[in-house]
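The values are calculated or read from the model by the stated rules, or taken from the named source; none is laboratory data. The shown structure was predicted, so the numbers you read here are calculated from the model rather than taken from an experiment. Glycine also receives a Cβ, built like all others from the backbone with ideal geometry; neighbour counts cover every protein chain displayed.
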Amino acid sequence: MMYTLKPKQIPLDDRFEVIVIGGGPAGCAAAVSAARAGARTLLIEATGSLGGMGTSGLVPFWCGFSNGGDLCSTGFGKQVMEQLQNQMPHVQPGTKGGPIAAEALKRVYDDLVVGSGAAILFQTVLSDVDVDDQGAIQTVIVSNKAGLSAYRAKTYVDCTGDADLVAWAGGEFELGDEYGEMQPATMCFTLTNVDMTAVSRIDSHRVIHPNDGRYPLIPDNHICYGIVGPSAVGFNAGHIYQVNGTDPANVSSALIQARRMVAQIQALLAEKFPDAYGQSYLAATSSLLGIREGRRIKGDYKLMPEDYYARRVFPDEIARNCYNFDSHETSTELKLLAEGKLAHHPEEKVYRPGESHGIPYRCLTPEKLKNVIVAGRSICAERRVMGSVRIMATVLALGEAAGLAAAMASVAEQPDFHQVDVPVLRAKLLENGAFIL
C-alpha cells in the first residue's frame, strides 16, 4: 500500500555552498576541509553528537593509522587522533592509533568543526532529495523538531555510511554479496569498575564461545578490547548476523538482540575472569549498532583486491590505506567454510609495515550524478576491499579529500565532481599534510 503526500510548502535555506550529510569521521573531515577552503558549509547529523562509530558507536580503538610503519593517514585524521590523545594521560604520546575515549572525542570533533567555520545541525535526519533530469541534486529535505525543511547548496557530500543521498537521488549501488548477505553487526560496550592489574594478566579474552550453551546469545568468539579510561574497558565483541543496515525494522530487532547479548558477554567475563570483571559495571552500550557493510556506490572506478595486492599507486589517488582485509564472515560463508565449500582468503597478513595502497578520486564519484560526492565505507569498492578501507583512519582521509573537492566544485556555475581538477586537488591535499604518492 502506498500513501500520497499532499503538496505543502516548507522553509528553504539556501545560504550554504556545501552541505555534508552525516557527522561521522568522514563527515567531520569533509565539513572541516570544505570550510577551511572557504566554502560556506553545513554539516547535518542525525544524532546529538559528532564522531559516529568512534563516539556514539563506542568503538574502543583506532584502526588503520599504521601497520607498524609511518602513519598512512595524516592531514586532518592525524589532528583528530593527536588532539584526542592529548586528553588521555594513559596513552603514550606518539602512539599510532590507540584507544578511544568517546566523550573526549565528541568534544574534539565539536571544536574542530566549529573552529573551521562550518555550521552543525544536530538531531536532523535526511528524509528526501530532489534531483533534476541531468543528475544534479537541487535540494535535500530533512526532518527534525521544526518539521520538514529544505536545504539547497551547490555541492553535497554523502557521508551517511549507506550512501542514502546517492541512492535516493537515483544513483546506482551494490548491497551485500551474491547471497544478499552483509558482514555481521556488533554492538560495542564499556565496562567500568574493572581491576586493571587483573586484566593485564589475562592471556586472551577469546573464551566466550563455546560456553556449554549457558549463554546462547553469544554466537562466536569475536572479542576485542581497549583501555578507554581509569578502570574502564571498551569492548568490540560478539556478532549479530543477518543484519541489513538499510532496513529499519531489521536494525531495530538487532539492537534489542545485541543489548541482550552484551549482558551475557559481561556475565561470562565475570565468571571466567572474576578478579578482573567480577565487580564490573556495564556503564554503556552503544546507541549506534556497528554496521560493517551497507550500500556501495557504482562509481567511476571500483577498487579491487588486485589493487590491494599490488600496493597500487594511482595518478588520481587522494588517500592511502594500510589496513588489513577485515571482512567478517556472513552466516552463509561460515556454513560454506564448515562444509569445505569455501576457502579462507589469504589476505590478512599481506602487508608488511609501511606498505599501503592508493584510493583513487574516481571511487568517490557516483556514475550518473553530478554535484554529489561520497566519502566513508560506501565508496565504490569490491566488498572485501571495503572491509579494509571502511575503518576510521582511512575514512577520515577520504572525507578530507571529498570536502576539499566539494569546495572546489562549488565555485562552478554548474558543479560537476567529475570535472574537478584532480591534480590541483591533490596538490592542496599535500599542502594540508595528506599522505598520497
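SER33 passes every criterion in (1) of a type in the set (Ser, Thr, Tyr); (2) under 15 Å from the mean Cα position of the chain (by Cα); (3) not in a loop (DSSP other than H, G, I, E, B) apart from (2). Restricting attention to region 177-194 and to residues that are in contact (Cβ under 8 Å) with a residue 60 or more places away in the chain and more than 29 Å from ALA263 (Cα to Cα), the residue that is surrounded by the fewest Cβ atoms within 10 Å (Cβ to Cβ) turns out to be TYR179. Looking across region 351-376, the residues that are in a loop (DSSP other than H, G, I, E, B) and under 18 Å from the mean Cα position of the chain (by Cα) come down to THR365, ALA375, GLY376. Looking at ARG292, is it in a loop (DSSP other than H, G, I, E, B), of a type in the set (D, E, K, R), within 30 Å of THR190 (Cβ to Cβ) and at pLDDT 95 or above? Answer is yes for this residue.
A quick yes/no check of all residues on (1) surrounded by fewer than 23 Cβ atoms within 10 Å (Cβ to Cβ); (2) of a type in the set (A, V, I, L, M):
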| residue | (1), (2) |
| --- | --- |
| GLY354 | yes, no |
| CYS363 | no, no |
| VAL374 | no, yes |
| ARG383 | yes, no |
| VAL389 | no, yes |
| MET392 | no, yes |
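Among the criteria (1) surrounded by fewer than 23 Cβ atoms within 10 Å (Cβ to Cβ); (2) modelled with pLDDT of 95 or more; (3) farther than 21 Å from MET187 by Cα; (4) of a type outside the set (Ser, Thr, Tyr), the one GLY68 does not fulfil is (2). When PHE314 is tested against the conditions (1) assigned to a strand (DSSP E or B); (2) farther than 27 Å from GLY57 by Cβ; (3) not polar (S, T, N, Q), the lone failure is (1). Selection of region 13-71 for residues being closer than 18 Å to ILE120 by Cα and among the acidic types (Asp, Glu) yields ASP13, ASP14, GLU17, GLU45.
Every residue in region 129-149 that is touching a residue at least 24 places away in the same chain (Cβ under 8 Å), within 20 Å of GLN414 (Cβ to Cβ) and either out of contact with any Leu (no Cβ under 9 Å at 6 or more places or on another chain) or among the aliphatic types (A, V, I, L, M) (or both), please. VAL129, VAL131, GLN134, ALA136, ILE137, VAL140 - these are the residues of region 129-149 that are touching a residue at least 24 places away in the same chain (Cβ under 8 Å), within 20 Å of GLN414 (Cβ to Cβ) and either out of contact with any Leu (no Cβ under 9 Å at 6 or more places or on another chain) or among the aliphatic types (A, V, I, L, M) (or both). Restricting attention to region 218-276 and to residues that are part of a strand (DSSP E or B) and out of contact with any Phe, Trp or Tyr (no Cβ under 8 Å at 6 or more places or on another chain), the residue that is farthest from GLN92 (Cα to Cα) turns out to be ILE240.
For region 419-437, the candidate set comprises residues that are part of a helix (DSSP H, G or I) and touching a strand residue (DSSP E or B) at 6+ places or on another chain (Cβ under 9 Å); within that set, the residue that is surrounded by the fewest Cβ atoms within 10 Å (Cβ to Cβ) is VAL422.
Test ALA267 against the criterion of being more than 18 Å from the chain's Cα centre (by Cα), surrounded by fewer than 21 Cβ atoms within 10 Å (Cβ to Cβ) and without any contact (Cβ under 8 Å) to a residue 60 or more places away in the chain, and give yes or no. Yes; evaluated as a whole, the condition is true for this residue. Considering region 308-362 alone, what residues qualify as being under 23 Å from THR394 (Cβ atoms), modelled with pLDDT under 90 and of a type in the set (A, V, I, L, M)? The one that is under 23 Å from THR394 (Cβ atoms), modelled with pLDDT under 90 and of a type in the set (A, V, I, L, M): VAL350. Scan region 377-406 for residues that are hydroxyl-bearing (Ser, Thr, Tyr) and either without any contact (Cβ under 8 Å) to a residue 40 or more places away in the chain or not in a helix (DSSP H, G or I) (or both) and the total you get is 1. Of THR41, THR74, THR55, THR4, all but one fail to be more than 22 Å from ALA104 (Cβ to Cβ), outside the structural domain of TYR225 (by TED's automatic domain parsing), crowded, with 22+ Cβ neighbours inside 10 Å and of a type in the set (Ser, Thr, Tyr); the exception is THR41. Within this structure, GLU431 passes the test of being without any contact (Cβ under 8 Å) to a residue 60 or more places away in the chain and more than 16 Å from THR155 (Cα to Cα).
Right, ASP164: in contact with a Ser or Thr (Cβ under 9 Å, 6 or more places away or on another chain), at pLDDT 95 or above, closer than 23 Å to ASP300 by Cα and in the same structural domain as ARG40 (by TED's automatic domain parsing) or not? Spell out the reasoning first.
On the way: in contact with a Ser or Thr (Cβ under 9 Å, 6 or more places away or on another chain): yes; at pLDDT 95 or above: yes; closer than 23 Å to ASP300 by Cα: yes; in the same structural domain as ARG40 (by TED's automatic domain parsing): yes.
So ASP164 passes the test.
For ALA343, the conditions (1) part of a loop (DSSP other than H, G, I, E, B); (2) within 23 Å of the chain's Cα centre (by Cα) all hold with the exception of (2). Counting only helices (runs of 4 or more DSSP H) that fall entirely inside region 66-180 and contain at least 2 residues that are within 28 Å of ILE10 (Cβ to Cβ) and within 22 Å of the chain's Cα centre (by Cα), the qualifying elements are 102-116, 164-168. Residues that are aliphatic (A, V, I, L, M) and farther than 15 Å from ALA407 by Cα within region 144-161 comprise ALA146, LEU148, ALA150, listed in sequence order.
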